[in-house]
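K.L.:
One structure, pasted below without further comment.
The values are calculated or read from the model by the stated rules, or taken from the named source; none is laboratory data. What you are looking at is a predicted structure, and each value in this text was computed from that prediction instead of being measured. Note that we place each Cβ from the backbone using ideal geometry, even for glycine, and neighbour counts take in every protein chain shown. Quick note on the areas: whole protein, heavy atoms, side chains included, nothing else; ligands and nucleic acids left out. Shrake-Rupley method; radii C 1.70, N 1.55, O 1.52, S 1.80 Å.
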Amino acid sequence: MVLAIGLLFSSLEEISWGQRLFDIENPVYFEKHNVQCEISIHNLDIVQPKLHKIYILTGAYGAFAWIFVLLFVSRVKTKCLHIVNFVVPDWFISSYFFFVFFIYTLFEYITSPYSEEFLVWRDQEPMELLLSLGFFSFLVINYIKLRACLTNTVRAEFK
């Protein structure tokens, strides 16, 4: 449920085109403090300097957390309804998160994108799409896992 609410919030954050489409005026605060002069929290001048690091940490967690589970958590703990199954993305989803981690690490620590270079600032948009697809896949897979676990639990009780 928390992940679903987070996805809804992220979706609403990314639809600034709706603001222009429906001719919604910027509140004075957003006009003054938003880097892109639109109604979005992630582009506020207090949030945006930290945004790349948040993407890097989120991408790293989504890309590599399954490795730590594989190495350090016993198989018994990863059975059916254990919390690890629902907070750590599976290995096959990790590529969605890895590229977010990789590109934002490049942007933040290795090279700055310029308009005439191979990497440009617009390259962030596909990474945000990948990240949202990764979270969406994670949510759908968690839903499927939960239904399977609950179905198996109910069947075991009736045997």
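K.L.:
Just to check I understand the Karplus step: with θ = phi - 60° and J = 6.51 cos²θ - 1.76 cosθ + 1.60, what whole-Hz values come out for the range 46-54, glycine and proline as x?
P.N.:
Taking θ as phi minus 60°, the curve returns 7, 9, 4, x, 9, 4, 4, 5, 5 Hz for the range 46-54.
K.L.:
Using 1/(1 + (r/R0)^6) with R0 = 30 angstrom and r between the beta carbons of H52 and L7, what's the FRET efficiency to the nearest 0.05?
P.N.:
Calculated value: 0.90.
K.L.:
Can you give me the accessible area per residue for the range 1-93, using a 1.4 Å probe, in Å²?
P.N.:
70
K.L.:
Using a simple charge model, +1 on the beta-carbon of Lys and Arg, -1 on the beta-carbon of Asp and Glu, nothing else, what dipole does the range 1-72 show about its Cα centre, in debye to the nearest 20?
P.N.:
340
K.L.:
Roughly how far apart, in whole Å, are the Cα centres of the range 123-139 and the range 89-114?
P.N.:
11
K.L.:
Whose amide H sits under 5 Å from the amide H of L44, counting only residues 5 or more places off or on another chain, with H placed in the peptide plane?
P.N.:
When sequence neighbours closer than 5 places are left aside, the close amide H contacts are V35.
K.L.:
Convert each backbone phi in the range 59-73 into a coupling constant with the Karplus relation 6.51 cos²θ - 1.76 cosθ + 1.60 (shift: θ = phi - 60°), then list the ³J(HN,Hα) values in order as whole Hz, x for Gly and Pro.
P.N.:
x, 5, 4, x, 7, 10, 4, 4, 5, 5, 5, 4, 7, 10, 10
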